[in-house]
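S.K.: I have a structure I would like to understand better, so I am pasting it below and will then ask my questions one at a time.
The values are calculated or read from the model by the stated rules, or taken from the named source; none is laboratory data. Nothing here was measured: the structure is a model prediction, and the numbers come from that model. In this analysis, Cβ positions are derived from the backbone assuming ideal geometry, glycine residues included, and neighbour counts consider all displayed protein chains. These area figures cover heavy atoms from the full protein model, side chains too; ligands, DNA and RNA do not enter into them. Shrake-Rupley method; radii C 1.70, N 1.55, O 1.52, S 1.80 Å.
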Amino acid sequence: METTVYRFEAEGRSCVLHIAPTSFDRDCILYVADTYIHSYFIHISPSPENGAEITLIARDHGSIPEDLPLQFFNDCIDQQIRLMLQKEFGELRQTIVDYAFRPVEKLCA
């Protein structure tokens with residue numbers, strides 16, 4: 001079983017998260033990292049096990065909250081589910097939207 005681990009460094013001012021290669025898609029990790037970019041410096045690099053290693057460093061030189069890694073992983077899970085649903089049902093969703101707005105298009109034409 002693959003695990004996702006994290007560790008705090010620099011007296012709690014940074015956190016290193018290791019994400020197994022099969023846990024999340026690249027796009028998922030990049031999207032979630034982008035949502036944290038305003039509060040943390042972020043460094044993403046490949047890890048020796050072909051996964052990803054993400055380092056979060058507090059911008060204000062303060063300490064990183066203890067629950068931040070868990071929140072980051074939860075955000076990754078949420079985004080991964082969105083990506084999977086979009087991949088599976090995106091075409092169906094677009095068909096429903098097109099059908100729903102078809103009467104409006106006729107009025108505007």
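S.K.: Please work out which residue is least open to solvent (accessible area, probe 1.4 Å), limiting yourself to the range 24-48 and to residues that are small (Gly, Ala, Ser) and over 9 Å from the mean Cα position of the chain (by Cα).
M.R.: Here the residue is Ser47.
S.K.: Just to be sure I understand the filter: pairs with C-beta atoms under 7 Å, separated by 6 or more residues or on different chains, first member in the range 1-17 and modelled with pLDDT under 85, second member β-branched (Val, Ile, Thr). Which pairs pass?
M.R.: Glu2/Thr22; Thr4/Ile19
S.K.: Taking the range 10-23, which residues are of a type in the set (Val, Ile, Thr) and either open to solvent by 90 Å² or more (accessible area, probe 1.4 Å) or within 14 Å of the chain's Cα centre (by Cα) (or both)?
M.R.: Residues satisfying the conditions are Ile19, Thr22.
S.K.: Looking only at the range 17-63, count how many residues are touching a strand residue (DSSP E or B) at 6+ places or on another chain (Cβ under 8 Å), hydroxyl-bearing (Ser, Thr, Tyr), assigned to a loop (DSSP other than H, G, I, E, B) and farther than 17 Å from Arg7 by Cα.
M.R.: 1
S.K.: Can you tell me which condition Glu66 does not meet? The list is (1) open to solvent by 90 Å² or more (accessible area, probe 1.4 Å); (2) not in a loop (DSSP other than H, G, I, E, B), and all the others hold.
M.R.: All conditions are met except number (2).
S.K.: Taking Ile57, is it touching a residue at least 12 places away in the same chain (Cβ under 8 Å), among the β-branched types (Val, Ile, Thr) and touching a Phe, Trp or Tyr at 6+ places or on another chain (Cβ under 6 Å)?
M.R.: The answer is yes for Ile57.
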